[in-house]
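The values are calculated or read from the model by the stated rules, or taken from the named source; none is laboratory data. Quantities reported herein were computed from a predicted structural model and do not represent experimental measurements. Reconstructed Cβ throughout: ideal geometry from the backbone, glycine too, with neighbour counts over all protein chains shown.
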Amino acid sequence: MESSSAVTGTTQPRVARVRVPGAGIRSDLRAVRVVWQRELIRFSRDRARMITSLVQPVLFLFVLGTGLSRLASAGTHGVNLRTFVYPGVLAMAVLFTAMFSAASIVWDREFGFLREMLVAPVSRGAIVVGKCLGGSTVAGFQGVIMIAIAGLVGVPYAPVMILEVLVLQLLLAFALTAFGVMMAARMSQMQSFMALMQMVIMPLFFISGALFPVSGLPTWLSVLNRIDPITYAVDPIRRAVFAHLDVSAAARHALAPGVTWWGWHLPGVFEAAIVALIGICLLGVGIARFSRAE
């Protein structure tokens, strides 16, 4: 007996099979890679963002550093003020880039793209991890640009120093991006997010000792400096830079004394571990908040 399609002389259109990958480790890793690549593509196509994110660090380094160099010459033991603030500017370069990378979550929510990602058969934690890794990579690229101008402020291009600084910048960028993602998980307006980040990040940056030595501070400022997480990224960056400068022992002791806890000088590796641990904890909180969002 012939089918009805044969009798009528018509053929049934073929329906393409759609294969939806199931949830699992492989799907989550693929989602992390896709989100990470998307962050890099967005950054590479936004030339205005590349330029504007470097304007403020350059202003601090060359305008503020040059303008205040004569006023601060008595307290720098002959070290150029631009050389002293250079490690802080290295941290600033990744700070703003990481903040803008985290802001993309709010942007995606406003335009509906975030909802499309959330319905994918992957865990929301994979999306958060991809965002953090993408923001860290983009911020690390900005940090490389600032490392490239080290010679303009009297800092040598020592391979060991460059490697140490780059690793510390990546750790700081990861922690800051994770913090931004955690804050952006529940926000729906870009204006609110940027205002909050400016209110939190800028005080943390100034208290971290990026623009002043951490020794001999008033008690209240010393306490704030020790509980500031950015301190533990700025200090090892400055110590890595000053380890390759030809300066006097007095200048090194005054300008890069290191952070102490009750008289104990924290090793640079320990400070880097603190930044990494803070980043992991913020990432965990961000994943938890993101999973409850929407």
Given the residues 241, 234, 223, 247, which is the only one that is among the β-branched types (Val, Ile, Thr) and at pLDDT below 90? 247
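Name the residue, out of 130, 154, that is closer than 30 Å to residue 239 by Cα and at pLDDT 80 or above.
Values: 130 fails: closer than 30 Å to residue 239 by Cα.
Being closer than 30 Å to residue 239 by Cα and at pLDDT 80 or above holds for just one of 130, 154, which is 154.
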Residues in region 270-294 that are surrounded by fewer than 18 Cβ atoms within 10 Å (Cβ to Cβ) and within 21 Å of residue 215 (Cβ to Cβ) total 1
Per the filter on region 175-190, residues surrounded by fewer than 24 Cβ atoms within 10 Å (Cβ to Cβ) and either touching a Pro at 6+ places or on another chain (Cβ under 9 Å) or small (Gly, Ala, Ser) (or both) are 185, 188
Quick check: anything in region 211-219 under 17 Å from residue 272 (Cβ atoms) and either at pLDDT 85 or above or of a type outside the set (Lys, Arg) (or both)? yes
Tabulated pairs, region 255-269, first in contact (Cβ under 8 Å) with a residue 12 or more places away in the chain, second surrounded by fewer than 18 Cβ atoms within 10 Å (Cβ to Cβ) and polar (S, T, N, Q), C-beta under 6 angstrom, 6+ apart or interchain: 257/215
Verdict on residue 228 being surrounded by fewer than 24 Cβ atoms within 10 Å (Cβ to Cβ) and under 21 Å from residue 135 (Cβ atoms): yes
Considering residues of region 49-85 that are of a type in the set (Gly, Ala, Ser) and buried (at least 18 other Cβ atoms within 10 Å of the Cβ) only, the residue modelled with the lowest pLDDT: 53
For region 17-48, the count of residues that are among the basic types (Lys, Arg), over 14 Å from residue 138 (Cβ atoms) and at pLDDT 75 or above equals 3
